[in-house]
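Here the structure is laid out as structure tokens; the discussion comes afterwards.
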Amino acid sequence: QLQASGGGLVQAGGSLGLSCTGPGRTNWHMGWFRQAPGQEREFVAGITWNLGTTYYADSVKGRFTISRDKAKRMVYLQMNSLKPEDTAIYFCATGPLSLAGSRPNFWGQGTLVTVSS
């Protein structure tokens with residue numbers, strides 16, 4: 001149900017955008033997680049589907065922006081000022097609770113983001 005796209009290779013300091021099509025369930029949250037090689041999957045950014053309230057991991061605050069288009073049932077992640085440590089597989093996800101503190105109910109396939117130094 002969740003389809004992520006937009007990953008690729010970018011130099012440090014550059015920008016990249018990710019997109020995800022999803023169910024857009026009323027009162028649910030949609031967002032992004034990432035998993036770097038050898039590390040656990042971690043929360044990146046989330047947005048409430050109804051009101052569009054956003055929240056972020058401290059590591060990406062001020063650099064990443066999550067948004068959604070309800071009509072298109074799309075969620076976007078604009079990533080600016082990318083760092084090599086942002087290199088990871090990025091996953092779109094959705095669930096009824098805040099993604100910062102709970103496991104999503106559904107995951108999309110990952111899309112690889114590589115930031116070169």
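The values are calculated or read from the model by the stated rules, or taken from the named source; none is laboratory data. What you see is a predicted model, and the numbers here were worked out from it, not measured in a lab. In this analysis, Cβ positions are derived from the backbone assuming ideal geometry, glycine residues included, and neighbour counts consider all displayed protein chains. All accessible areas refer to the heavy atoms of the entire protein, side chains included, with ligands and DNA or RNA removed. Shrake-Rupley method; radii C 1.70, N 1.55, O 1.52, S 1.80 Å.
Summary of computed values
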item: Those residues of the range 66-117 which are among the charged types (D, E, K, R) and surrounded by 22 or more Cβ atoms within 10 Å (Cβ to Cβ), in sequence order; result: ASP86
item: Positions within the range 37-49 being surrounded by 11 or more Cβ atoms within 10 Å (Cβ to Cβ) and out of contact with any Ser or Thr (no Cβ under 6 Å at 6 or more places or on another chain), in sequence order; result: ARG41, GLU42, PHE43, VAL44, ALA45, GLY46, THR48, TRP49
item: Filtered residues of the range 1-36 (kept if open to solvent by 70 Å² or more (accessible area, probe 1.4 Å) and either assigned to a strand (DSSP E or B) or without any contact (Cβ under 8 Å) to a residue 12 or more places away in the chain (or both)); result: GLN3, LEU9, GLN11
item: Filter pass, GLY95 being within 22 Å of SER117 (Cα to Cα) and over 13 Å from the mean Cα position of the chain (by Cα); result: no
item: The range 70-91 residues that are of a type in the set (A, V, I, L, M), paired with ones that are assigned to a loop (DSSP other than H, G, I, E, B) and open to solvent by 10 Å² or more (accessible area, probe 1.4 Å) (beta carbon under 7 Å, 6 or more apart); result: MET79/SER15; MET79/ARG63; LEU82/ALA12; LEU82/GLY13; LEU82/GLY14; LEU82/SER15; ALA88/ALA36
